[in-house]
Amino acid sequence: MILGTMYYQHRRSKSYHNMISRIKMKLGRMLGLDEIRWRSCPNGLYSVNFHRIGSMQETEFDPCVYSCTAVELDRHIRFFKQHFEIIDLKTLSELIKERKKLTSKFMCLTFDDGYIDNFSHALPILKSNNVSATFFIATGLIGSTIVPWWDKIAYLIKYHQPKTLRLDAWKDEVVYVNSQEQFIRSVLHAVKSCKLPAQAQIELLEQKLLHQNGYPRPEFMDWHHLNDLIKSGMEIGAHSHNHDILTKLSEDELSYELNHSKMLLETQLKSRISAFSYPVGNKSTYNKQVIDELKSTGYDLAFNFQPGINTSPCNTPYDLHRFPIAPGMIEEDIKRMFSYAKKY
Ligand SMILES: [Zn+2]
């Protein structure tokens, strides 16, 4: 009950903030303030996050994990280079350690999950633009035959095409309204909001849809790809081992997720892993217990998946905000996303 109330309050304050932000954006546009706001963006750390790069129409898996096409990625990076000083995490760690006031607009480029298109599509573009990025890897997906829970759910929906879905543990039935992509998004939201582990929910969905045919091959990098990323001047961070929501885990499971992913990456890549990004990354997916465990495991930095400008990253090294890049965004959208963002 208490948890339910907290969840409701969190949802309410989030939607209230989103509403205020939308009103501000609308008013700003009407009054012609967009350019003034963009020019007065404060110094600080602006981190952006990508997941998959490519065409979301062509995948058998989750289309909602796509951030942009390769052409869009190239355009975004050229734009970022014009307006920000792109730094790697090593430099960011030093700035944080020295507790220096940021006197410029810095940016970190990050990619989550470790999909193969990060190597085939993103790496050549990063190299040709001469910038470094960090790839946060869920080690359990690297070079394995495991299809992650969000891709399984999207595949089940695409394969069986149900028009409604409901599990007893969900708050509501999810109904197909506008598009398959929207339906997948709503089902994923129901799964994330449910207290049951994602894999348990998938087994129930498989039974419900009478699914017996397995899944296509997963599309993740292997250890050779990750070693090549490092040789090309990129950085690697951890994103847990199984990509479970950390606040749903027992103490032992949490410790395993943070330790095992770090140990595997350090052994395979022969370099120290000091940064982490929270799976899913909204406020409910990490807490003080998770942060304490990160500190004792030897991580120096951690990124969430909520938009915001980090004006003093040295005060919140385990809660660094990142702007999500979404398909179809153009320069104006990105400028407005930064201009009206919350400052931390
Ligand atoms: Zn992820």
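With respect to Phe276, is the statement that it is of a type in the set (Phe, Trp, Tyr), more than 18 Å from the chain's Cα centre (by Cα) and either modelled with pLDDT of 95 or more or surrounded by 17 or more Cβ atoms within 10 Å (Cβ to Cβ) (or both) true?
On the way: of a type in the set (Phe, Trp, Tyr): yes; more than 18 Å from the chain's Cα centre (by Cα): no; either modelled with pLDDT of 95 or more or surrounded by 17 or more Cβ atoms within 10 Å (Cβ to Cβ) (or both): yes.
No; evaluated as a whole, the condition is false for this residue.
For Phe80, which of the numbered conditions (1) more than 16 Å from the ligand (Cβ to nearest atom); (2) surrounded by fewer than 17 Cβ atoms within 10 Å (Cβ to Cβ) fails to hold?
Condition not satisfied by Phe80: (2).
Tell me, which residue of segment 124-159 that is among the charged types (D, E, K, R) and over 17 Å from the mean Cα position of the chain (by Cα) is farthest from Asp62 (Cα to Cα)? Write out each step before concluding.
Filtering segment 124-159 for residues among the charged types (D, E, K, R) gives 127, 151-152, 158.
Okay, now just the ones that are also over 17 Å from the mean Cα position of the chain (by Cα), so 127, 152, 158.
On the way: Lys127: 27, Lys152: 8, Lys158: 9 Å.
Among them, the one singled out is Lys127.
Just give me the residues in segment 86-108 being assigned to a helix (DSSP H, G or I) and either surrounded by fewer than 19 Cβ atoms within 10 Å (Cβ to Cβ) or in contact with a His (Cβ under 7 Å, 6 or more places away or on another chain) (or both), in sequence order. Give the derivation first.
Within segment 86-108, the subset assigned to a helix (DSSP H, G or I) is 89-97.
Lys90, Thr91, Ser93, Glu94, Leu95, Lys97, listed by residue number.
Quick one: would you say Phe111 is touching a helix residue (DSSP H, G or I) at 6+ places or on another chain (Cβ under 9 Å), of a type in the set (A, V, I, L, M, F, W, C) and either in a helix (DSSP H, G or I) or within 14 Å of the ligand (Cβ to nearest atom) (or both)? Let's see the steps before the verdict.
Numbers: touching a helix residue (DSSP H, G or I) at 6+ places or on another chain (Cβ under 9 Å): yes; of a type in the set (A, V, I, L, M, F, W, C): yes; either in a helix (DSSP H, G or I) or within 14 Å of the ligand (Cβ to nearest atom) (or both): yes.
Judged against the criteria, Phe111 is a match.
Name the pairs whose Cβ atoms lie under 7 Å apart, with the first residue in segment 117-140 and assigned by TED's automatic domain parsing to the domain that holds Ile245 and in a strand (DSSP E or B), the second within 16 Å of the ligand (Cβ to nearest atom) and of a type in the set (Ser, Thr, Tyr), and 6 or more positions between them or separate chains?
From segment 117-140, the pairs are Thr134/Thr110; Phe136/Thr110; Phe136/Ser277.
Please work out which one of (1) more than 16 Å from the ligand (Cβ to nearest atom); (2) among the hydrophobic types (A, V, I, L, M, F, W, C); (3) in contact with a helix residue (DSSP H, G or I) (Cβ under 6 Å, 6 or more places away or on another chain); (4) not in a loop (DSSP other than H, G, I, E, B) is the condition Ile20 fails and give its number.
(3)
Per-residue answers, yes or no, for (1) in the same structural domain as Tyr115 (by TED's automatic domain parsing); (2) surrounded by 15 or more Cβ atoms within 10 Å (Cβ to Cβ); (3) farther than 23 Å from Asp117 by Cα; (4) out of contact with any Phe, Trp or Tyr (no Cβ under 9 Å at 6 or more places or on another chain):
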| site | (1), (2), (3), (4) |
| --- | --- |
| Tyr155 | no, yes, no, no |
| Lys163 | no, no, yes, no |
| Trp170 | no, yes, yes, yes |
| Val174 | no, yes, yes, no |
| Val177 | no, no, yes, no |
| Phe183 | no, yes, yes, no |
| Ala198 | no, yes, yes, no |
| His224 | yes, no, no, yes |
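Can you run down the residue pairs with Cβ atoms below 7 Å, 6 or more apart or on separate chains, where the first is in segment 273-296 and more than 22 Å from Asp88 (Cβ to Cβ) and the partner is of a type in the set (Lys, Arg) and within 15 Å of the ligand (Cβ to nearest atom)?
Val280/Lys192
From the residues in segment 70-85 that are aromatic (Phe, Trp, Tyr) and part of a helix (DSSP H, G or I), which one is nearest to Ala138 (Cα to Cα)? It would help to see each step written out before you state the result.
Taking segment 70-85 first, the residues aromatic (Phe, Trp, Tyr) are 79-80, 84.
Those still in the list that are part of a helix (DSSP H, G or I) too: 79-80.
On the way: Phe79: 29, Phe80: 27 Å.
So the residue we want is Phe80.
So which residues in segment 148-172 are part of a helix (DSSP H, G or I) and without any contact (Cβ under 8 Å) to a residue 60 or more places away in the chain, if there are any at all?
Leu156, Ile157, Tyr159, His160
Out of His225, His239, I need the residue that is within 16 Å of the ligand (Cβ to nearest atom) and modelled with pLDDT of 95 or more. Which one? Explain how you work it out, then say what you get.
On the way: His225 fails: within 16 Å of the ligand (Cβ to nearest atom).
Exactly one residue qualifies, and that residue is His239.
The values are calculated or read from the model by the stated rules, or taken from the named source; none is laboratory data. Nothing here was measured: the structure is a model prediction, and the numbers come from that model. Reconstructed Cβ throughout: ideal geometry from the backbone, glycine too, with neighbour counts over all protein chains shown.
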